[in-house]
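The values are calculated or read from the model by the stated rules, or taken from the named source; none is laboratory data. Because the structure is predicted, anything quoted here is derived from the model rather than measured. Methodologically, a virtual Cβ is constructed for each residue, glycine included, from the backbone with ideal geometry; neighbour enumeration extends over all protein chains shown.
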Amino acid sequence: MANKITVGHVHMSGCTGCLVSLADNYLGLIKILDDYADLVYGLTLADVRHIPEMDVALVEGSVCIQDHESVEDIKTARKKAKIVVAVGGCAASGNINRFDRGGQHNQPQHESYVPISDLIDVDVFIPGCAPTPQMIRNVCVMAYLLLRGSDDQKALAAKYLKPLMALAKNPIASKANFNTLMQEVINVGLCMGCGSCAGACPVRAISMEFGKPQGARDLCINCGACYSQCPRSFFHFEVMDEYEAITDIINGAMK
């Protein structure tokens with residue numbers, strides 16, 4: 001298809017779980033690569049040495065600021081890409097790489113790892129550790145529609161991406177922990193007891209008791225995964241109002 005967008009996967013410091021989640025789309029990933037996107041960069045998926053020009057950069061992992069090559073790579077990705085997407089907790093919040101336990105300083109070997117938004121402007125966050133395959137797939141489809149779709153499709157894609165774009169610009173999101181979730185969501189009556197925060201916590205510091213999340217502060221590593229995963233931390237009515245239309249357009253695109 002001549003009207004494809006170009007996509008690159010930029011791998012920084014992480015466990016590669018987000019790449020596994022991307023690959024877990026199976027035939028859906030093949031459909032995206034067949035009809036909507038050309039993969040022009042990816043250390044494990046494309047034989048390209050240097051980061052090229054691209055429409056969308058999917059960035060996985062946090063950045064070690066003592067590693068000159070990593071710092072230059074993430075800056076190059078920002079220059080070469082129209083849209084930069086922080087995929088997963090490490091890219092979005094630093095996640096377990098921060099390893100800030102109990103209010104103490106990071107371990108020396110982890111002290112220099114930061115989320116990519118500390119170094120470059122990020123357009124979209126995809127929260128999760130790792131994000132679901134469906135979430136990555138949906139963002140890829142919506143990015144295509146935003147760049148190549150009709151006016152109606154662009155408007156719908158913008159509504160879908162708006163909360164994730166707002167999350168990328170929220171200074172709290174890249175530095176949040178369970179305390180932030182408590183203050184911003186739970187204590188103000190927004191928590192609906194869905195358990196997303198508990199499911200997202202990589203160290204199992206959050207449990208559900210009587211329908212509400214409870215955090216063990218001595219286990220919390222200040223990764224921000226719980227805040228980014230909570231649907232009420234970046235809630236937008238635009239998506240709720242267009243849920244059926246968004247679902248239909250994604251299902252139609254994947255047929």
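Which residue, of Val63, Val40, Val48, is aliphatic (A, V, I, L, M), on the phi < 0 side of the Ramachandran plot, within 17 Å of the chain's Cα centre (by Cα) and not in a helix (DSSP H, G or I)?
Residue meeting the stated conditions: Val63.
Could you please let me know if Ala157 is out of contact with any helix residue (DSSP H, G or I) (no Cβ under 6 Å at 6 or more places or on another chain) and among the small types (Gly, Ala, Ser)?
So Ala157 does not fit the description; no.
Here are the criteria: (1) among the β-branched types (Val, Ile, Thr); (2) more than 23 Å from Gly17 (Cβ to Cβ); (3) touching a strand residue (DSSP E or B) at 6+ places or on another chain (Cβ under 7 Å). Tell me which single one Val239 does not satisfy.
Checking Val239 against (1) among the β-branched types (Val, Ile, Thr); (2) more than 23 Å from Gly17 (Cβ to Cβ); (3) touching a strand residue (DSSP E or B) at 6+ places or on another chain (Cβ under 7 Å), the one that fails is (3).
Can you tell me how many residues in the stretch 194-220 are in contact with a helix residue (DSSP H, G or I) (Cβ under 6 Å, 6 or more places away or on another chain) and surrounded by 15 or more Cβ atoms within 10 Å (Cβ to Cβ)?
Total meeting the criteria: 9.
Would it be correct to say that Gly89 is touching a residue at least 24 places away in the same chain (Cβ under 8 Å), on the phi > 0 side of the Ramachandran plot, surrounded by 15 or more Cβ atoms within 10 Å (Cβ to Cβ) and not polar (S, T, N, Q)?
It is false that Gly89 is touching a residue at least 24 places away in the same chain (Cβ under 8 Å), on the phi > 0 side of the Ramachandran plot, surrounded by 15 or more Cβ atoms within 10 Å (Cβ to Cβ) and not polar (S, T, N, Q).
Any residue at all in the stretch 233-246 that's within 25 Å of Ile96 (Cβ to Cβ) and surrounded by 15 or more Cβ atoms within 10 Å (Cβ to Cβ)?
Yes, the stretch 233-246 contains a residue that is within 25 Å of Ile96 (Cβ to Cβ) and surrounded by 15 or more Cβ atoms within 10 Å (Cβ to Cβ).
Within the stretch 169-178, which residues are outside any loop (DSSP other than H, G, I, E, B) and surrounded by 22 or more Cβ atoms within 10 Å (Cβ to Cβ)?
Of everything in the stretch 169-178, just one residue is outside any loop (DSSP other than H, G, I, E, B) and surrounded by 22 or more Cβ atoms within 10 Å (Cβ to Cβ), namely Phe178.
Can you name the number of the only condition in (1) within 16 Å of the chain's Cα centre (by Cα); (2) buried (at least 24 other Cβ atoms within 10 Å of the Cβ); (3) modelled with pLDDT under 90 that Tyr113 fails?
Of the numbered conditions (1) within 16 Å of the chain's Cα centre (by Cα); (2) buried (at least 24 other Cβ atoms within 10 Å of the Cβ); (3) modelled with pLDDT under 90, the odd one out for Tyr113 is (1).
Can you tell me which of Ala173, Ala205 is more than 22 Å from Ile116 (Cα to Cα) and either at pLDDT 90 or above or not β-branched (Val, Ile, Thr) (or both)?
Residue meeting the stated conditions: Ala205.
Which is among the hydroxyl-bearing types (Ser, Thr, Tyr), under 20 Å from Met135 (Cα atoms) and either surrounded by fewer than 19 Cβ atoms within 10 Å (Cβ to Cβ) or outside the structural domain of His9 (by TED's automatic domain parsing) (or both), of Tyr36, Tyr26?
Going through Tyr36, Tyr26 in turn, the sole match is Tyr26.
What are the residues in the stretch 66-82 that are charged (D, E, K, R) and assigned to a helix (DSSP H, G or I), if any?
Matches in the stretch 66-82: Glu69, Glu72, Asp73, Lys75, Arg78, Lys79, Lys80.
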